[in-house]
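Below is one structure, written out as C-alpha cells; comments come after it.
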C-alpha cells in the first residue's frame, strides 16, 4: 500500500471512529436517562422526536447556548485546560481499539481499527491513566473546597483502582501471550472466551473499571449529597459538557475493552454474502459493547454509593489481593500445562 | 525522513517543557511541564521502536508518579514562588561546568564514531525481549530491586505510622510531654488571682 493510500485510509478511519464514538456518547446519555426513568417507573425523555430520540441533539444545542460562566476566583489557564485534557484523553484511547475483521475495499484492504500496535492494551492503560489529570486539575483550578475535595477523591480513587485493574488483565495476558488487542481476540476463537477461563479477573476488571470511570457505586468524586457536584461544581455550558462527554467516552472505552478481553470481541456467527460477512463482526462487537453500556446504567440505578473508607479498604484489601491470587493461580496452571 | 522530523519535533517539545519547568514560578505549572517532558520522552522511545518502554514511561511516570506530585502540590496548596537572582556559586562554577561536560560528551561521541544510525525496531524493544532480559538474563538484580522497593514501602509505612506511636508514648504518665499539666493549673490559678 502506498503512503498516500495509507494516509487517506487512516484519515477516513479516524474520522469515522470519532464520529461514531461521539454519537455513541450522545446516545448513551439518552440510554441512561431512558433506562433510569423506566427503573423508577417514569417515561424519561419523550417530547423531542420518537421515544425522545432527538433529545441528545436538543441537549447539545442547549449546552452551546448556555452562558459560559468563568468565576473570578479560578486559576484561569488550568480551569480552561482541564476539561480539554479530560476530553482529549478520553477520545484518544479509542484509537487502538479493534472493532472488526480485515475487510477488502476494492484494491485496498484494511483492518477495522485505527492503528494496530503490538502493545495496544498498554497504550489504552497509559492513556486512561493520564485522564486523571483532567479531573484533578479541574478540582484544583476551580479554587473551591468542594471541587478540590472531589478532585482529590477522584485522583486517589483512580490510582488505587488502576492497580487492581492492571493486575486483573495480567491473567488474560498470561493465557494469550500477547499485548496486541487483535491477537487477544484471535486467541478466543471457537467460543474460547476468556470469561470462561478468567471469571475472577473479569469481575475484578469490571469493578475496577467502574471505579476508574467514577460511576456509581464509586461516584464519590461528584457525590452530590456532600460535594455539590465535586470537581465540576464551577463548570457550566460547554466546559461542563466536555467533562460529561469524557465520562461517557471513558465508559465506551471500558466497555470495548471488556468485550475484547473477555467476550471475544467481534467474534460470533458469520454467514451470508461477502458484504454481510464484513458487517456482521462489527454488529456483534457493537451488541456486546451495548450490553456493557446497559450494565453500567443498570448498576448505577440499582446500587447506592459507597462510603469513602469502604471504597479504599475494598480496593486495597479485597480487590488487590484477589487480583494477585488470580495471577498466581493462572501462572501455576499455565506452567503446569506447558 | 518522516521519523527524523518527528524525533526532532518531540525532542524540541521535551526541551521546551524542561525549560518551562525551571522558568515557571507556580509549582503546579512546573509539575505539568514535567509531565510534558515525560510524555515527549515516551514519544521519543516509541519512535526508536521501544514501544514497551514508551508505554511504561507513560503509565508509571506520567500517569502514576506525577499524579502523586500534583496531589501533593494541591494538598499543600503551595503558592507562587519568589524568583531569586540565583546563587553566585551556580553561575561561577555550575554553568561553565555544564558547558565543559556537554562539550566533552559531544566530543567523545563524535571522535569515537559511535553515532551511527540504527533502523527503527532493529534494537531489542519488544515486550518479549524485555521479559527475557528481566526474568532470565538479569533475574537476580531484578528480584533484588523488587526486595529493595518492598523495604522502601515498609519504611514508608513505619514513618507514616510514627505520630501515632509518639502520641501513645505521650499519653503514658512520667513522660516529658506530660509537664504541660502543672502549667495549665498555674495559669488557672493566675486567672483566679485576677478575679
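Structure notes:
- When residue A:95 is tested against (1) within 11 Å of chain B (Cβ to nearest Cβ); (2) in contact (Cβ under 8 Å) with a residue 24 or more places away in the chain; (3) part of a helix (DSSP H, G or I); (4) within 18 Å of residue B:39 (Cβ to Cβ), exactly one condition is not met: (1).
- Only residues that are assigned to a loop (DSSP other than H, G, I, E, B) and either loosely packed, with under 15 Cβ neighbours inside 10 Å or in contact (Cβ under 8 Å) with a residue 24 or more places away in the chain (or both) were counted across the stretch A:256-269, and they come to 6.
- Among residues of the stretch A:119-140, those that are farther than 14 Å from residue A:86 by Cα and more than 7 Å from chain B (Cβ to nearest Cβ), counted: 3
- Hits in the stretch A:217-232 - residues which are outside any helix (DSSP H, G or I) and surrounded by fewer than 23 Cβ atoms within 10 Å (Cβ to Cβ): A:217, A:219, A:223, A:228, A:229
- Selection over the stretch A:109-155 of residues that are touching a strand residue (DSSP E or B) at 6+ places or on another chain (Cβ under 8 Å) and in a loop (DSSP other than H, G, I, E, B) gives a count of 1.
- Residue A:20 touching a helix residue (DSSP H, G or I) at 6+ places or on another chain (Cβ under 6 Å), surrounded by 14 or more Cβ atoms within 10 Å (Cβ to Cβ) and over 15 Å from residue A:238 (Cα atoms): no
- Extreme residue, nearest to the chain's Cα centre (by Cα), among residues of the stretch A:141-163 that are more than 12 Å from chain B (Cβ to nearest Cβ) and surrounded by fewer than 24 Cβ atoms within 10 Å (Cβ to Cβ): A:146
- Qualifying residues in the stretch A:189-213 (those that are surrounded by fewer than 24 Cβ atoms within 10 Å (Cβ to Cβ) and outside any helix (DSSP H, G or I)) - the one nearest to the other protein chains (Cβ to nearest Cβ): A:198
- Under the condition of being within 30 Å of residue A:27 (Cβ to Cβ) and surrounded by 13 or more Cβ atoms within 10 Å (Cβ to Cβ), the residues counted in the stretch A:304-338 number 3.
- Looking across the stretch A:233-255, the residues that are more than 19 Å from the chain's Cα centre (by Cα) and either assigned to a helix (DSSP H, G or I) or at pLDDT 85 or above (or both) come down to A:237, A:238, A:239.
- Among (1) part of a helix (DSSP H, G or I); (2) more than 24 Å from residue B:30 (Cβ to Cβ) - the single one residue B:49 does not satisfy: (1)
- No other residue among B:52, B:69 is within 11 Å of chain A (Cβ to nearest Cβ), surrounded by fewer than 18 Cβ atoms within 10 Å (Cβ to Cβ) and touching a helix residue (DSSP H, G or I) at 6+ places or on another chain (Cβ under 6 Å) apart from B:69.
- Tabulated pairs, the stretch A:45-62, first closer than 16 Å to residue A:237 by Cβ, second part of a loop (DSSP other than H, G, I, E, B), C-beta under 6 angstrom, 6+ apart or interchain: A:58/A:48
- In the set (1) within 11 Å of chain A (Cβ to nearest Cβ); (2) in contact with a helix residue (DSSP H, G or I) (Cβ under 7 Å, 6 or more places away or on another chain); (3) buried (at least 19 other Cβ atoms within 10 Å of the Cβ), the condition left unmet by residue B:64 is number (3).
- Qualifying residue in the stretch B:110-126 (condition: at pLDDT 80 or above and either part of a helix (DSSP H, G or I) or more than 14 Å from every other protein chain (Cβ to nearest Cβ) (or both)): no
- Residue in the stretch A:36-45 that is under 22 Å from the mean Cα position of the chain (by Cα) and at pLDDT 85 or above present: yes
- Set side by side, the residues B:84, B:106 differ, and just one is more than 14 Å from chain A (Cβ to nearest Cβ) and surrounded by 11 or more Cβ atoms within 10 Å (Cβ to Cβ), which is B:106.
The values are calculated or read from the model by the stated rules, or taken from the named source; none is laboratory data. Quick caveat, the model's predicted, so the values are computed rather than measured. All Cβ positions, even for glycine, are placed from backbone atoms using ideal geometry, and neighbour counts span all protein chains on display.
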